[in-house]
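My structure is below; once you've seen it, I'll send some questions.
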Amino acid sequence: MGTVGRGNGSADGARRREGSSREGPSEGRQAWRPAEAPTATPTAGEDADTDAAAGPTPWTSPEQLPPDREFEGDLRPSRLADFVGQDRVVSNLRVALQATQSRGEALDHLLLAGPPGLGKTSLARILAAELDADLHATTGPALERPRDLVGILTQLKAGDVLFVDEIHRVPSAVEEYLYSAMEDYAIEFTLGEGPSARVVPLRLERFTLVGATTREGLLSAPFRARFGLVERLVPYPDADLVRILDRAARLLGLQLEPAAAELLAARSRGTPRVAGRYLRRARDLAAVAGRSTVDGALAAEAMARLGVDPLGLDDVDRRILGYLGRNPNVPVGLKTLAAAIGESEDTIEEVFEPHLLRMGLLHRTARGRLVTPEGCRAVGLDPAGATGSGESSF
Ligand SMILES: Nc1ncnc2c1ncn2[C@@H]1O[C@H](COP(=O)(O)OP(=O)(O)OP(=O)(O)O)[C@@H](O)[C@H]1O
Ligand SMILES: [Mg+2]
């Protein structure tokens, strides 16, 4: 946990310091491969030296990977005016900020929900900056004991922002303390144990809790009910991603031609983090070629080297579609699918499926996953017969 003044805090830094990693998909995904882009789409066999069960670390993963950290820090929008897209969320936050500032009160507690890489941490920092308040950043798993929370809460000054990333992972014993802290700005902390235990009442300053979660459904109803504002981030349309890429390129001093921005945006799975990662790869390629401009051809080459096709699919997506496409009319259970392609169920559900569903390449049914005709075609299979190999035509 760190106190980092004037909105410049880093929950990601906190996550790193606490040595916590997300449960589920990201754990297996921390085995980062070096930045050398593969010259062809990697196959499972080529990844024998990495965690075989986790498969290749996909370039397409919306989760933050180690090489993203420094780069993201530099490109994070620092004010609401720099934050591209998510118009409804931004406009609601503007109203809340204005109302708060005119009343001179602390902002309502805010829950930011949505898939990884869409800007939750960025928004939390922006809010602190807009409020001209200090941001105190921590993560759910770092709040192991009530004492950890008390230590943080008692440091908060009036109007400060307490940012709790991965708030769905706050242990339930700590959650109970947060209830009264959020509602009454007071907690009763028990010191000692047994007959000598004493209850110490503590008054807190009026602070704002900003929680971020990728798994809103895991939050208990009473916890969720204590947030005055709940905002959900959604994947970005390509036009917004183009603006995000243009801004990032400008900050990096890189010329990005419109055709290149559009190509990268279309493959970024609605996720600014993924777009940033692709821009970085294109920039590397440009540097190697001794060029200062990324044009459409160079962007396409960067994508081909990463094995990312025009639909934004990578090797694992294609394996999923290929497996389902062998019998396109037979639903496949998640467990079976996970075993067949060598990824965990969580990873399939949280990393790969959202994009496949959004693109209409896959259906979820009560009996299992079904590939759509478009999904079959995306991997070069005939939706009617599906006798092909399931390999990509990419
Ligand atoms: N609306 C946006 N405008 C400009 N850049 C953005 C926007 N949203 C996200 N980004 C960029 O994407 C990167 C990832 O965003 P951020 O870390 O805020 O996502 P997150 O939702 O907190 O992800 P996670 O759930 O993994 O913590 C940021 O470094 C930032 O550069
Ligand atoms: Mg974050």
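Computed from the coordinates by the stated procedures, all read-outs in this text should not be read as laboratory data. Quick caveat, the model's predicted, so the values are computed rather than measured. For neighbour counting, all protein chains shown are included, and Cβ atoms are generated from backbone atoms with ideal geometry for every residue, glycine included.
Kindly provide the set of residues from segment 104-117 that are in contact with a strand residue (DSSP E or B) (Cβ under 9 Å, 6 or more places away or on another chain) and either within 16 Å of ligand 2 (Cβ to nearest atom) or in a helix (DSSP H, G or I) (or both), ordered by number.
Scanning segment 104-117 gives Leu110, Leu111, Leu112, Ala113, Gly114.
Applying the selection to segment 160-200, what residues are in a helix (DSSP H, G or I) and closer than 22 Å to Leu123 by Cα?
Correct list: Ile167, His168, Arg169, Leu178, Met182.
Now for a separate question. Name the pairs: first residue in segment 91-106 and surrounded by 12 or more Cβ atoms within 10 Å (Cβ to Cβ), second residue polar (S, T, N, Q), Cβ to Cβ under 9 Å, at least 6 apart or on different chains?
Listed by first residue and then by second, the contacts come to Thr100/Thr208; Ala106/Thr100; Ala106/Thr208.
Next question, about the same structure. Considering segment 239-271 alone, what residues qualify as being closer than 18 Å to Gln86 by Cβ and either in a strand (DSSP E or B) or touching a Ser or Thr at 6+ places or on another chain (Cβ under 7 Å) (or both)?
Leu241, Arg269, listed by residue number.
Separate question: Taking the criterion of being within 30 Å of Arg215 (Cα to Cα), more than 16 Å from ligand 1 (Cβ to nearest atom), of a type outside the set (Lys, Arg) and exposed (fewer than 15 other Cβ atoms within 10 Å of the Cβ), would at least one residue in segment 319-335 satisfy it?
yes
Applying the selection to segment 75-95, what residues are more than 8 Å from ligand 1 (Cβ to nearest atom) and touching a helix residue (DSSP H, G or I) at 6+ places or on another chain (Cβ under 8 Å)?
Ser78, Arg79, Leu80, Val89, Val90, Leu93, Arg94
Can you pull out every residue in segment 247-274 that is charged (D, E, K, R), within 11 Å of ligand 1 (Cβ to nearest atom) and surrounded by fewer than 19 Cβ atoms within 10 Å (Cβ to Cβ)?
Once the filter is applied, which keeps residues that are charged (D, E, K, R), within 11 Å of ligand 1 (Cβ to nearest atom) and surrounded by fewer than 19 Cβ atoms within 10 Å (Cβ to Cβ), segment 247-274 yields only Arg247.
Can you find a residue in segment 230-238 that is aliphatic (A, V, I, L, M) and either away from ligand 1 (no atom under 16 Å from the Cβ) or part of a helix (DSSP H, G or I) (or both)?
The answer is no; no qualifying residue exists.
Considering each residue of segment 123-142, count those that are away from ligand 2 (no atom under 16 Å from the Cβ) and not in a helix (DSSP H, G or I), and give that number.
3
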